[in-house]
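This report refers to the structure that appears directly beneath it.
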Amino acid sequence: MNVQQRPGRRLLLHGFACFLAALLSSLIAYSQNAAHPEPDTEMIRIPDGEFTMGSNAGPDDERPAHRVKVAAFRIDRNPVTNSQFAAFLNARGIQDDSGNLHYEDDDSDARIHELNGKWIPVAAQSNHPSVEPTWLGAREYCAWRGKRLPTEAEWERAARGDDGRRYPWGNEPPDPKRARYRSGWNSTAPLGSHPGGASPYGVLDMAGNAWEWVSSAYRPYPYSASDGRENPAPGPVRGTRGGGQDSSADEITTTQRGRNLSRNPLSGHHNIGFRCAQSLTTTR
């Protein structure tokens with residue numbers, strides 16, 4: 001009798017062992033992903049090199065055109081979405097330990113709201129660029145992902161390349177297939193809506209759809225990373241780049257710095273989002 005029961009017992013033990021292995025695997029996967037439940041965006045490598053920053057034909061704050069050398073880095077292909085930023089708010093909260101806001105949730109333009117103790121994006125705009133993060137919130141989100149905000153020079157190089165182009169796609173005037181601009185208040189477009197507007201490196205939405213915070217303080221040119229403008233402490237007004245969904249064609253150029261924009265770094269804004277960057281240890 002006992003001999004006949006052994007195969008069944010072995011099968012039972014084997015099944016129980018498989019169950020435990022599957023459970024352990026699930027727990028490990030959960031622990032690895034719990035901090036970042038939303039998928040991260042793809043990053044694109046920008047090679048090291050020297051490029052012309054600014055423009056002698058643009059507004060005063062874009063002058064003078066000058067040469068800047070940038071080390072190799074990576075930058076997000078797309079801006080951070082409402083869904084991704086909601087995951088950050090659920091992990092880190094609406095404000096830091098000092099009470100500084102990460103997100104302006106009480107603004108009528110906010111597209112992430114708290115429901116039963118959880119931050120949830122408006123479903124129809126979960127895949128749109130997230131506007132209303134403060135500069136501090138953008139900085140902290142990038143750190144949460146193991147990244148940082150791009151410098152103003154890095155952002156312009158990723159958008160412009162080496163040939164001094166006026167728009168990410170070249171010098172041809174913008175059109176609705178390449179960029180979201182001249183649109184209504186808060187009428188951003190989902191990510192991936194304008195593949196024809198890609199930069200020379202394949203970075204998307206660097207013209208229109210949402211302005212983007214950069215790490216750099218808004219200071220006169222020429223740009224220098226060593227003159228204090230890259231001090232990460234909150235305080236000075238920061239640069240914004242790229243133009244928004246409600247910008248004119250002249251405001252979505254690769255050299256536009258957002259001089260006419262409302263951009264208190266401690267507040268969120270209806271047309272300012274961001275993307276992240278990452279330093280590289282090697283240049284080649």
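Given the options Gly196, Gly235, Gly202, Gly228, name the one that is surrounded by fewer than 24 Cβ atoms within 10 Å (Cβ to Cβ) and over 19 Å from Leu149 (Cα atoms).
Gly196 is the lone residue from the list that is surrounded by fewer than 24 Cβ atoms within 10 Å (Cβ to Cβ) and over 19 Å from Leu149 (Cα atoms).
Out of curiosity, is Gln256 surrounded by 24 or more Cβ atoms within 10 Å (Cβ to Cβ) and within 26 Å of Ser83 (Cβ to Cβ)? Before you say what the answer is, go through the steps one by one.
Working: surrounded by 24 or more Cβ atoms within 10 Å (Cβ to Cβ): yes; within 26 Å of Ser83 (Cβ to Cβ): no.
Answer is no for this residue.
Can you run down the residue pairs with Cβ atoms below 9 Å, 6 or more apart or on separate chains, where the first is in the stretch 97-114 and under 22 Å from Gly235 (Cα atoms) and the partner is part of a loop (DSSP other than H, G, I, E, B) and charged (D, E, K, R)?
Taking only residues 6 or more apart or on different chains, the pairs are His102/Asp96; Tyr103/Glu132; Glu104/Glu132; Asp105/Glu132; Asp107/Glu132.
So, in the stretch 84-109, how many residues would count as being surrounded by fewer than 20 Cβ atoms within 10 Å (Cβ to Cβ) and of a type in the set (Ser, Thr, Tyr)?
Number satisfying all stated conditions: 2.
Does Arg241 satisfy being basic (Lys, Arg) and within 18 Å of Cys276 (Cβ to Cβ)?
So Arg241 passes the test.
Out of the residues in the stretch 240-282 that are among the basic types (Lys, Arg) and either in a loop (DSSP other than H, G, I, E, B) or over 17 Å from the mean Cα position of the chain (by Cα) (or both), state the one that is farthest from Val70 (Cα to Cα). Can you show your working first?
Narrowing the stretch 240-282 to residues among the basic types (Lys, Arg): 241, 257, 259, 263, 275.
Checking the rest, the ones that are also either in a loop (DSSP other than H, G, I, E, B) or over 17 Å from the mean Cα position of the chain (by Cα) (or both) come to 257, 259, 263, 275.
Values: Arg257: 18, Arg259: 24, Arg263: 26, Arg275: 18 Å.
Here the residue is Arg263.
Just to verify a result, which residue in the stretch 115-127, among those that are in a loop (DSSP other than H, G, I, E, B) and in contact (Cβ under 8 Å) with a residue 40 or more places away in the chain, is surrounded by the fewest Cβ atoms within 10 Å (Cβ to Cβ)?
Residue satisfying both the conditions and the ranking: Val122.
Go over the candidates Pro232, Pro220, Pro200 one by one and state the one that is part of a loop (DSSP other than H, G, I, E, B) and either free of Cβ contacts under 8 Å to residues at least 60 places away in the same chain or among the acidic types (Asp, Glu) (or both).
Pro200
No value in this document is a laboratory result; all are computed from the given coordinates. In this text, all values refer to a predicted model and were calculated from it rather than measured experimentally. All Cβ positions, glycine included, derive from the backbone under ideal geometry; neighbour counts span all protein chains shown.
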